[in-house]
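S.K.: Pasting a structure here, questions to come.
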Amino acid sequence: MATRPYDFSIKALDEDTGKFSGYASTFGGEPDSYGDIIAPSAFKWSLRQHEKRGTQVPMLLHHDVKEPVGVWTSIVEDERGLKVNGRLVLEVPKAREALALMKAKALQGLSIGYRTLEARSNRTAGTRELTKVELHEISLVTIPANRSARIVSVNAANINDIREYEGFLRDA
């Protein structure tokens with residue numbers, strides 16, 4: 001019997017999970033509102049440092065260190081950019097508000113807080129290509145500096161293989 005793999009996304013059935021995914025930053029393309037372009041692998045060093053130290057990149061609301069609203073369950077570089085999966089902590093009132101706004105598509109952006117470690121300037125174009133950054137935080141924002149840094153799905157089950165699909169169906 002022939003089978004074909006399909007990409008799919010299943011929405012949570014009974015309750016809000018607070019789970020979402022998106023791109024906190026994208027590689028190449030047009031410069032962000034500060035004239036910066038992120039190069040592929042720019043986050044690699046920083047992600048390794050977080051892993052070595054056992055630290056997590058904070059999830060904030062609008063870059064406000066007084067407003068943590070959840071946790072990042074995965075942060076990886078892929079061919080497009082810095083792909084993130086997160087979970088809002090729904091016991092936090094601001095996280096519940098953020099979820100409601102995300103579901104209404106009033107809060108769709110993601111933004112990174114970072115320190116530039118290495119960059120190449122293009123004086124003619126007035127841009128910088130960031131080749132190595134230290135990632136401090138990732139925020140949910142209304143208007144991201146990088147227009148492509150967006151929340152892609154809200155309350156979607158992240159299913160990568162048949163075992164996770166079976167578990168999802170069992171829980172549902």
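S.K.: Quick one: which residues, 5 or more positions from Val152 or on another chain, have an amide H under 5 Å from its amide H? H modelled 1.01 Å from N in the peptide plane, none for Pro or chain starts.
M.R.: Ser21, Gly22, Tyr23
S.K.: Still on this model: Could you pull the Cα extents of the stretch 10-75 along its three principal axes, largest to smallest, in whole Å?
M.R.: 42, 31, 27
S.K.: Are any of the pairs Lys66/Lys94; Lys52/Lys83; Lys66/Lys105; Lys19/Lys105; Lys19/Lys83; Lys19/Lys94 more than 18 Å apart by Cα-Cα distance, and if so, which?
M.R.: Details: Lys66/Lys94 11 Å; Lys52/Lys83 20 Å; Lys66/Lys105 24 Å; Lys19/Lys105 15 Å; Lys19/Lys83 14 Å; Lys19/Lys94 15 Å.
Going by Cα-Cα distance, Lys52/Lys83; Lys66/Lys105 fall outside the 18 Å limit.
S.K.: Which far-off residues, 5 or more places away or on another chain, put their amide H under 5 Å from the one on Thr26, with H placed in the peptide plane?
M.R.: Leu82
Only the coordinates and a few stated rules stand behind these numbers; no lab work does. Nothing here was measured: the structure is a model prediction, and the numbers come from that model.
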